[in-house]
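Here is the structure we will look at, set down as structure tokens.
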Amino acid sequence: MALFFKLAPTSGQPLYLQLMQQIRHGAETGALLDGDQLPGIRTLAEELIVSPNTVAKAYSELEHEGLLELRQGSGAFICVKRRTQSLTDRVQASRRKLRDLIDQLREAGLLDEEIHRAFEAELTHPVLAVKKR
Amino acid sequence: MLWYKAWLETRARFLTCFATVVIFCTVFVHHALHVVCAESLSCSAGLWDPARQAEVYRLLFINQQFLVFMWILSVVLLGMGGIVREGAIGTAAPTLALPVSRARLQGVRVGMGVLQAIALAVVPWLSVASVSILAGRPILMRQVASYILLLVAGGMVYFAMSILISSLIPGEYTAPAVAFGIVILAAILFDEYLRGLNVWRLVTGDFSVDHTTYLLSRHLPWLGILASLTCALLMFFASILAVQRREF
Amino acid sequence: MTDEFVIVTQALSKSYGHSEAVRALDLSVGRGRITAFLGRNGAGKSTTIKMLLGMIRPTSGSGTVLGNVINDSKESVALRRRVAYVAEDKPLYGYMTVEQIVRFARSFYADWRIDSEKQLLRDCELPLRRKVKSLSKGMRTKLALLLAFARRPDLIILDEPSEGLDPVATEYLLQSLVARASEGSSVFFSSHQISEVERVADHVCILEKGALLMDASLDSLRESYRRIDLVFPALPAEREFRISGVQRIQTSGRQMSVFASNNADEVIERAHGLSVVSVNVTPIGLRDIFLETVKENERALV
């Protein structure tokens, strides 16, 4: 089972976090279902050509969160529990809201780039800054 | 597999020198013996004239002169190479990264060279002895052994000098130039001013041969041989020190 | 605990006459990591590596590799048994055939893996009977790397491994490197190819003029280095933003660009306090981090 992960080394975000996000995203969108097996650390590291420590850390953090189950000798398996399922539903709902908002902003005449920068600026505003996971 | 590497590195040089000395000595003695035969008019085994014995031994003495010349050039050539030269051509890193001490690296190189030097002395002489036997002119093995001993034990210092030079001087052409230069210079200078100490004359048997019978004396110049061997050993150790101290 | 680090140096120095190639280097390379060694040409990277392997004697200071002291010849031999090293320019014995050189290398190491050797020989399509000197440059490079990657050493040291490699060969190199790292080998490599370092390295050390300027995990660099572009109605004084972490400030008209190694949040907070009109935060790639670090060092020396 292989998803198409793509890590961006210059995006300012640790690679393991990017991988975690992409795995979570896979679980949210249904590309990864409960029980699906992710490639082993070495296999994924070789495929993505990243340090195995990156993959190991991502897997271990996701195991902490409950999204992955690491079985000794067998590999990493997705665990989409009901709690995570509701999270997925919430994320899906938020995405719909976002889509509507973006459509509105576009109609207002804003370019995609401007919308993007506005989001970035608001996200990094210290008053609203949420501590990064 | 250090010995294997040392062999691969010196194989071409060694085989060329080996073929040269063996072919030369064999053919030279073989042809010259027949000249002697022709002169004595008594070449068949039964009619061997003991009075002509000296001519045969003179021939062997001359053979040694030639062999010494070729042997010295060969061992000086074989002494070239090694880690310092590898440093000059850029392949020192894989050798130095090996889990072996520099002393061992050098030791194997020296060992291989010594074995080759011995072969370069023993085989031509055995070949000459065979030729003599076949020609009906058997020679005393004691003489053969003496010539071999003189050459290997007395002449090892030339090989040691070559090893030492190649451990001190990195240039691919500079090192052999210096080594051969020393050989020539030593040959001339020693002969001029210190003839008694001239190793070249020692190994050719100049100091030990009877000029009537052309037999090598029973009393070989042991002191000289020992001194020469000691010098050789000292130079080998010096070369190990040189390699150990060098930075790459 | 020495077990935590595969390479440790204390005030390691090397001078040639009056010039210092390496100055009081305190390096520590962690076990189980891929650590990159960045630096300009002549910064002292190769000299450091050679000292670690016993090819050069340090002028002063000390170091250990895998727990073995580097300037003791016996321990140096012991450590080399557990280290795979590929030098710059990947030198090989030209007079040996591929088969001979593989057999030669294999005979020295207990950690050699025959199955890896066969696999790599197949993958690289190396002609066994051909002499090394008649191989193409690409094949020679692959062979040199094979001699290291057919082993499972505790530590792999590579000096400019991707130099002279085409993109396909580079991918293969990085893949092999990652594969060895997954099996427990620690990797320490020097490189000029910053993009490759960014992809595979866990940790980076920057060497400049023989001194260590930076020793940090790549993830921490990614999280903290930020370029903050600000637009003000009226440009405030630069000193408002000279806080810890800010390395460089550039101004032009009503724009200010802040290069921060950390504390980006505080910079933004201050900017908002000074009625900033526009805030644009972008990450800084390793190339720019490297360049800025080196330049800042030069400014500091003046």
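The values are calculated or read from the model by the stated rules, or taken from the named source; none is laboratory data. From a predicted model like this one, the values you see are computed outputs, not experimental measurements. A quick note on method: Cβ atoms are made from the backbone with ideal geometry, for glycine too, and the neighbour counts reach across all protein chains shown.
Some observations on this one:
- Top-ranked residue in the stretch C:251-269 [being surrounded by fewer than 19 Cβ atoms within 10 Å (Cβ to Cβ) and within 14 Å of another protein chain (Cβ to nearest Cβ); ranked as nearest to residue C:196 (Cα to Cα)]: C:262
- Subset of the stretch C:270-291 [surrounded by 17 or more Cβ atoms within 10 Å (Cβ to Cβ), more than 7 Å from chain A (Cβ to nearest Cβ) and not aliphatic (A, V, I, L, M)]: C:270, C:290
- From the list C:83, C:65, C:69, the one residue that fits, being more than 14 Å from chain B (Cβ to nearest Cβ), closer than 21 Å to residue C:5 by Cα and not charged (D, E, K, R), is C:69.
- Residues considered: C:230, C:174, C:207. Of these, the only one that is in contact (Cβ under 8 Å) with a residue 24 or more places away in the chain and not assigned by TED's automatic domain parsing to the domain that holds residue C:89 is C:230.
- Of all residues in the stretch A:1-51 being acidic (Asp, Glu) and part of a helix (DSSP H, G or I), the one that is nearest to residue C:203 (Cα to Cα): A:46
- Residues satisfying the stated conditions in the stretch A:52-78, i.e. at pLDDT below 85 and either in contact with a strand residue (DSSP E or B) (Cβ under 6 Å, 6 or more places away or on another chain) or assigned to a helix (DSSP H, G or I) (or both): A:75
- When residues of the stretch A:96-121 are limited to those that are modelled with pLDDT under 85 and of a type outside the set (Asp, Glu), the one farthest from residue C:278 (Cα to Cα): A:119
- Inspection of the stretch C:142-161 finds no residue satisfying the criterion of being of a type outside the set (Ser, Thr, Tyr) and modelled with pLDDT under 90.
- Condition check for residue B:145: among the aliphatic types (A, V, I, L, M) and either crowded, with 23+ Cβ neighbours inside 10 Å or not in a helix (DSSP H, G or I) (or both): no
- Of everything listed in (1) at the interface with chain C (Cβ under 7 Å from one of its Cβ atoms); (2) touching a Gly at 6+ places or on another chain (Cβ under 6 Å), the single unmet condition for residue A:46 is (2).
- Filtered by the rule that a residue be more than 21 Å from residue B:72 (Cα to Cα) and surrounded by 14 or more Cβ atoms within 10 Å (Cβ to Cβ), the stretch B:214-240 gives B:214, B:215, B:240.
- Per the listing C:226, C:248, the residue uniquely of a type outside the set (Gly, Ala, Ser), closer than 27 Å to residue A:17 by Cβ and within 14 Å of chain A (Cβ to nearest Cβ) is C:226.
- Residue within the stretch C:223-236 that is out of contact with any helix residue (DSSP H, G or I) (no Cβ under 6 Å at 6 or more places or on another chain) and buried (at least 23 other Cβ atoms within 10 Å of the Cβ) present: no
- For the stretch C:196-220, filtered to residues that are closer than 17 Å to residue A:16 by Cα and part of a loop (DSSP other than H, G, I, E, B), the residue that is farthest from the other protein chains (Cβ to nearest Cβ) is C:201.
- Under the condition of being under 20 Å from the mean Cα position of the chain (by Cα), outside any helix (DSSP H, G or I) and surrounded by fewer than 19 Cβ atoms within 10 Å (Cβ to Cβ), the residues counted in the stretch B:75-134 number 0.
- Taken over the stretch C:8-37, the residue count meeting the criterion of being within 18 Å of residue C:161 (Cα to Cα) and touching a helix residue (DSSP H, G or I) at 6+ places or on another chain (Cβ under 6 Å) is 3.
- Condition check for residue B:100: on the phi < 0 side of the Ramachandran plot and out of contact with any His (no Cβ under 6 Å at 6 or more places or on another chain): yes
- Residue that is under 21 Å from residue B:219 (Cβ atoms) and without any contact (Cβ under 8 Å) to a residue 60 or more places away in the chain, where the choices are B:196, B:154, B:181: B:196
- Any hit, the stretch C:102-119, residues being surrounded by fewer than 16 Cβ atoms within 10 Å (Cβ to Cβ) and under 18 Å from residue A:49 (Cα atoms): no
- Among the residues listed as B:205, B:224, B:171, the single one being outside any loop (DSSP other than H, G, I, E, B) and at pLDDT below 95: B:224
- Segments classed as strands (runs of 3 or more DSSP E), wholly inside the stretch C:4-53, with at least 3 members that are modelled with pLDDT of 95 or more and within 14 Å of chain A (Cβ to nearest Cβ): C:34-39
- Number of the condition not met by residue C:251 [criteria: (1) in a strand (DSSP E or B); (2) among the β-branched types (Val, Ile, Thr); (3) within 20 Å of residue A:12 (Cα to Cα)]: (3)
- When residue C:57 is tested against (1) surrounded by fewer than 19 Cβ atoms within 10 Å (Cβ to Cβ); (2) within 27 Å of the chain's Cα centre (by Cα); (3) outside any helix (DSSP H, G or I); (4) more than 8 Å from chain B (Cβ to nearest Cβ), just one condition goes unmet, and that condition is (4).
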